[in-house]
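Report on one structure; see the data block that follows.
The values are calculated or read from the model by the stated rules, or taken from the named source; none is laboratory data. On a predicted model such as this, the values are computed, not experimentally measured, just so you know. With ideal geometry, Cβ positions are generated from the backbone for all residues, glycine too; neighbour counts draw on all protein chains shown.
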Amino acid sequence: MEELEIAGQIIGGKVANILLREKSGKEIELGDLLVVDESDEKYLILQVYDLSYGSQIPQTVRELAAGLKLEGYGSSLDFLEPHLRNYVMAMVKAVAFVSKGGAKIPKVLPSFFSNVRFIREKDLSFLIKPPNPVYLGKIRSGSKILDFDVFLDGEEMLTHHVLVPATTGRGKSNLVKVMLWSIADHKKFGMLVLDPHDEYYGRNSKGLKDHPNAKDTMRYYTVNPPPGASTLVINLRSIKPEHFEGLVDFSDTQLQAIKLYHRQFRNEWVENIIRGTQIDGVKSTTLAVLQRIIRVNLAVYLEEGQIVCKNRVFSDSAGEATISTIINDLEEGKIVIVDTSKISDEAELLIGSAVANEIFSRHQDAKAEGRLDEKRTVGIIIEEAPRVLSAERLAKSGNNIYSRVAREGRKFKVGLVAITQLTSVIPRDVLTNINTKIILGNEMATERHAIIESAAQDLSSDDRTIASLDKGEAIVSSIFTKFAVPVQIPLFDDYAKMAKPSDKKVVFTG
Amino acid sequence: MKFAHVADTHIGAHREPVLAQLEAEAFGIVMDRCIQEKVDFIIISGDLFQSGIPDLAAVDDAVKKMHAVREAGIPIYVIYGSHDYNPNGKSIIDILDSTGLIKKVVKGEIVDGKLELEFFTDSKTGAKLVGISARKAGLESRYYEILDRETLEEEPGFKIFVFHSGLDEFKPKHLAQMESIPISCLPREFQYYAGGHIHEKSEHTLPHYGPIVFPGTLFAGSPRDFEASAKGTQRGFYIVQFNKKVEKVEFVPVKVCECVYHEYDVTNKNSVQAQHELQKSLKELDVKGKFALVKVFGELAGGKTSDLKFAELKKMLSEKGAIHVDINRFGLVSKEYANMKVAGEDIGGIEDRLFKENIGTVKLSNADLKGEQGTKLAHELLKIVRQEAKTGETKKDYNMRVSEDAVKTLKLTGAMK
Amino acid sequence: MSVEAARRLIEHLDTKIREEELGNPFFRDPNVKTYPLDKSGFHKIQQTKLACKVAFVDGGNQEIVGAPDFSVQLNRLYFGMWDCSERILEKSMPRRIEFFSSTYSRVTSNQVFYDTSVFPVHEEHRTMIPAESDLSFDSLDRTVTIGTQRADIERVASIARVFAEWQFATEIVKHELEKGDILVVDRTLQTTFKNEHNYLTNLVNSAKKKGVIVTGLSKTSALFTDTGLSLMGALSKLAEDDGMDEEWYFPIAEIYRLDHNAMVLAVKLNRDAKRIFRYEIQREQFGELSEEQINGIFAHFVKNSSDLTFPGYPYGLIDADRFARVSLQEVEYYKALMFSQLSNVGKWEKLSRHIRAKDAHDVLNMLIG
């Protein structure tokens, strides 16, 4: 190791708490990746999780010295050899032991008193680009960004689910956009994006619509579509009773009534409830309640004999093929963005439930017939995941399709990408099934603890690091990474390269 | 003021004399009704004919009727459909347009990457018509991408947009796989949208759009149409009354024959049982003077599909007085042949499924031959080899033409040299 | 009760320490020429730049294993070189050396003698440590006894380190310093023990040959004035009365003795410092220095004495003290090392009998905690 490269020296500690002294001026940062070179081209990668001051000068003396300076008594005084006597101590942990055979979880301490250096791109050569890459950003060491791209295998990542925990303003949407842009480079996975803030497509700004493959790989559903986009309109006949499961609390009587309507009217059950068609076995009071529930959840009601939908999403005449088309698109590996910004949460979740149920069902059938390999993995991106995954919701309304996907989806190549500000409300058994966590900054201690407890690596010492993550900085903790990888997610606007105008000349013939 | 809106007449679709006759009859009824109603003009939104160069006998009949309409002072405005468009040159539509019998309302040019369409103004009513014709396999979507909508939307007056495409928002569930475009591709604020290509009639409304109407096929363009008609789907066209905006949209049914539909599931039966039961049930049908459509489907528990004597059954029904008998057995398989499960019930769906499944079993290195690309290519090649010889075309010329088209599709132009 | 007693004690003490008359430096020895204690003696230290290096030397030792009849010590010597407040790296010498010493009793002609053997950690450092022949003492030698009692073996065992400091300093002068450079030891220039004078003489001769000035700075001073006050205390009072709040030096006495040949001064090396220190320069060398040179020496020290942790005390000595010390923690380690060696060679039982004669205090300490 060259003199210039040395960042510090190990002076003690234990396995998860190795102490090293920073060489003066090197400015080791929280989250920095450092390397100890051992013999035979082996090296240990260390990660900084805490920093503290070290001093050869007793505390009381330092306090006095500070007092002298502050109160103007010590104008001619200073610390001699300041860099020798006052320094920074870094607490680090070993995260990977790299040898010719690749990287392993380290089980030894680095050689005592060994020098450490900052990580170089070359040290990360064991991180190989996977066959189905989803781009996450560049490796970050502290706040320094290395020229080394981080990918996760999309197939593995999606089927084992992803959690994106972060508080507002930390770059969640930017991250999702970057990931989707990367996925759009190849049509290997279908992605259903429930977009409650209409921020992914790029209606009025740069967005996924600008991807060079957008025409072939993307579809955008919205209530008021710009040219080329699809209208978000779903026929009431596409709605099945099971789509409400876990999302709406029906009493037993109401459930029984729904069953009867469905049995009698098949796919016209909703319309008949709205129209108030009386049937045997269902009281008018129950019918009235069902009408109210449908009005609240779907914003659909009867007006002068016509079925009206306040948000124009549900219809009795249009949108028959919408759900099928969405599913076909997903199975072809397209990204389907559903703009739910102008509809209620209930409607948004119901739409997602309808699609997810159908996809799940198709994949289950395929598996039963031994054809699951032919199916593309489908991922569902849902924001504010506690709406469907919180312990409270699950206890109150039972399992819904989203929690089912979270628990069982891996077997059927259906995955969940859950975005949340509150990880602590999601039950542990759901969290443990989500094997990739892309952790963005979070100032809430309870949330950090919940994230840390369920992470794929031991992040017990990373509380401070997570709290100090700036916008765009993330830690990727996954069972598919050797260690919790610190990344810098690029700004979408910088990352997304605009589609070049097509050179192909269009000839118009009437 | 009023106009008639017709689509998907598919003249020339049927060679079989009875069907060809009914097809001509249906068209004739429409034209006569238009004269009777004194409509100001007629819009035919694509697939007037079954192909770009259809059967001349059928053309002859149709032209006579159209001539009568023209004589009555009623202009006929048309666009190409996906069938009567000829990618290699002129089609029957162009020929009739050049005679003045019909008027193609698609004219435009690409300026600075934008498609600027020109309005045709009906001289009598002042209605402005503009449209985009269909191309094969939904390729017209490229035109919609570059369409200059703003100029069209800003145009004042009573405007009609004529098109021949399925719309995502309105296509029926069973056509979910069909190529279609979202309605956002169409310019807004037109008073009427005259659609074609969808063989079931429907009327729709959406904010910012006038009535969006599909008349459906007039007679039948495919076996599925016969089945739908037999099951009760109405066939006909629309008469639209308008002034500054649309006042009334009225469907005018056209029925040229009665249909009888019978379906039989062979599942859990062997070929002997199936034959026996089928025969028995068909004997009881009243098919005199009617079109008989029989659908046989399912997986035989024993025996081969060829054990079933469909020719005999057909003969029996004809002898009972059926004007035409069609037996659909695409959904019929025997256990020995069950390695290919055919889910689609129409030819297009079956072909798609078979292509997909077979492509999946072959190791291919060229990405263009795999997956969706490969399936699409297979469809295109099949369409090419299905082309019929043109009238007067020699066998040698026909083979050459088909080969050239195939090579072009496969992007192997150099190989032919 | 105790508060009242304390008050009375303080009042009594106050009557005994009277600063009305500061007096003059008190040396009983006629070989000492003193300077009066008045404000004309203060020399303000001007900030001049003197191009030289200063080497600060210090030593430390601790008993590792002890008994009435033997004492094993770890001895350590350290030096650091400075140019004002900047450290200068040594050319060739090791900055720190260590050696073990073993002092043991012997009875010869009815007298108890203490002999010491030395064991450098690195053999090549043997030239920097004293000769064993200089480390043999009669237990009743007046230079080692305290009062009339036989000298404690531990005290005699420390002598090896004392001699080693002079020896080490000599090597520093020879290999690291040039003409005009200054050597500072952490003590006065007075020798105490038998043979010690030879080592200092060796040092002074080597220094004179090279033009290196030999000096010493003591942390403590037991000098008095002739009015019974501590000399440093009196000087502080004088400085305060005279408004001397800047850096200064004050000549106190010239000593002309065989065992102590030095110019003694008091120095205040930082205006914010509360303490003044006793500083000695080899007398002949002092005589050859000009006023400017003397000022230059002190100006160097002023720059080196500006550390916040101990204003007014040269940082070079803080540094030397830290690295020369043998900590108790180290003692424990070495003790364990020694005991394990004893055990290995099967001599534990034999030596532990003797150790027990002295370690009851340690046992009590352990019990009480």
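Quick grid of which residues meet (1) assigned to a loop (DSSP other than H, G, I, E, B); (2) in contact with a Pro (Cβ under 9 Å, 6 or more places away or on another chain); (3) modelled with pLDDT of 90 or more:
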residue: A:I359; (1), (2), (3): no, no, yes
residue: A:K367; (1), (2), (3): no, no, yes
residue: A:G370; (1), (2), (3): yes, no, yes
residue: A:I381; (1), (2), (3): no, no, yes
residue: A:E392; (1), (2), (3): no, yes, no
residue: A:K396; (1), (2), (3): no, no, no
residue: A:R404; (1), (2), (3): no, no, yes
- Of the residues in region B:144-159 that are out of contact with any Gly (no Cβ under 8 Å at 6 or more places or on another chain) and buried (at least 20 other Cβ atoms within 10 Å of the Cβ), the one that is nearest to the other protein chains (Cβ to nearest Cβ) is B:L147
- Hey, can you tell me all the residues within region A:287-333 that are assigned to a helix (DSSP H, G or I) and of a type in the set (A, V, I, L, M, F, W, C)? A:L287, A:A288, A:V289, A:L290, A:I293, A:I294, A:V296, A:L298, A:I323, A:I326, A:I327, A:L330
- Among C:F301, C:F286, C:F277, the single one that is buried (at least 19 other Cβ atoms within 10 Å of the Cβ), within 14 Å of another protein chain (Cβ to nearest Cβ) and aromatic (F, W, Y) is C:F301
- Residue check: is B:T267 within 14 Å of chain A (Cβ to nearest Cβ) and either out of contact with any Lys or Arg (no Cβ under 7 Å at 6 or more places or on another chain) or part of a strand (DSSP E or B) (or both)? no
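Each row is one residue, and each column tells you yes or no for (1) surrounded by fewer than 22 Cβ atoms within 10 Å (Cβ to Cβ); (2) touching a Gly at 6+ places or on another chain (Cβ under 9 Å); (3) within 12 Å of another protein chain (Cβ to nearest Cβ).
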site: B:E169; (1), (2), (3): no, yes, yes
site: B:M178; (1), (2), (3): yes, yes, yes
site: B:R188; (1), (2), (3): yes, no, yes
site: B:Q191; (1), (2), (3): yes, yes, no
site: B:E203; (1), (2), (3): yes, no, yes
site: B:H208; (1), (2), (3): yes, no, yes
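For (1) in a loop (DSSP other than H, G, I, E, B); (2) more than 24 Å from the chain's Cα centre (by Cα), each residue gets a yes or a no:
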| position | (1), (2) |
| --- | --- |
| C:Y104 | no, yes |
| C:T116 | no, no |
| C:E124 | no, yes |
| C:P130 | yes, no |
| C:D134 | no, no |
| C:F137 | no, no |
| C:D141 | yes, no |
- If you go through A:E242, A:E199, the only one that is within 25 Å of A:E331 (Cβ to Cβ) and either without any contact (Cβ under 8 Å) to a residue 60 or more places away in the chain or among the charged types (D, E, K, R) (or both) is A:E242
- Which numbered condition C:I318 misses (of (1) more than 18 Å from the chain's Cα centre (by Cα); (2) without any contact (Cβ under 8 Å) to a residue 40 or more places away in the chain; (3) surrounded by 17 or more Cβ atoms within 10 Å (Cβ to Cβ)): (1)
- For region A:190-209, state whether one or more residues are farther than 23 Å from B:K173 by Cβ and in a helix (DSSP H, G or I). yes
- Within region A:214-239, can you find the residues that are more than 7 Å from every other protein chain (Cβ to nearest Cβ), of a type in the set (S, T, N, Q) and buried (at least 21 other Cβ atoms within 10 Å of the Cβ)? A:T217, A:T222, A:N235, A:S238
- Query: Hey, A:A257 hits all of (1) surrounded by 14 or more Cβ atoms within 10 Å (Cβ to Cβ); (2) in contact with a strand residue (DSSP E or B) (Cβ under 9 Å, 6 or more places away or on another chain); (3) not assigned by TED's automatic domain parsing to the domain that holds A:I419 but one; which does it fall short on?
  - Reply: (2)
- Within region B:109-134, how many residues are within 27 Å of B:E380 (Cα to Cα) and crowded, with 19+ Cβ neighbours inside 10 Å? 5
- Message: Would you confirm whether or not region A:301-308 contains a residue that is away from every other protein chain (no Cβ under 14 Å) and in contact with a Cys (Cβ under 9 Å, 6 or more places away or on another chain)?
- Response: yes
- Message: Filter region C:318-335 down to the residues that are within 13 Å of another protein chain (Cβ to nearest Cβ) and either in contact with a Ser or Thr (Cβ under 9 Å, 6 or more places away or on another chain) or of a type in the set (D, E, K, R) (or both) and list them by number.
- Response: C:I318, C:D319, C:D321, C:R322, C:R325
- Residues located in region A:23-70, provided they are of a type in the set (D, E, K, R) and crowded, with 22+ Cβ neighbours inside 10 Å: A:D32
- Qualifying positions in region A:80-98 - buried (at least 20 other Cβ atoms within 10 Å of the Cβ) and within 7 Å of another protein chain (Cβ to nearest Cβ): A:L80
- Message: Looking only at region C:31-61, how many residues end up being more than 30 Å from C:M128 (Cβ to Cβ) and more than 25 Å from the chain's Cα centre (by Cα)?
- Response: 13
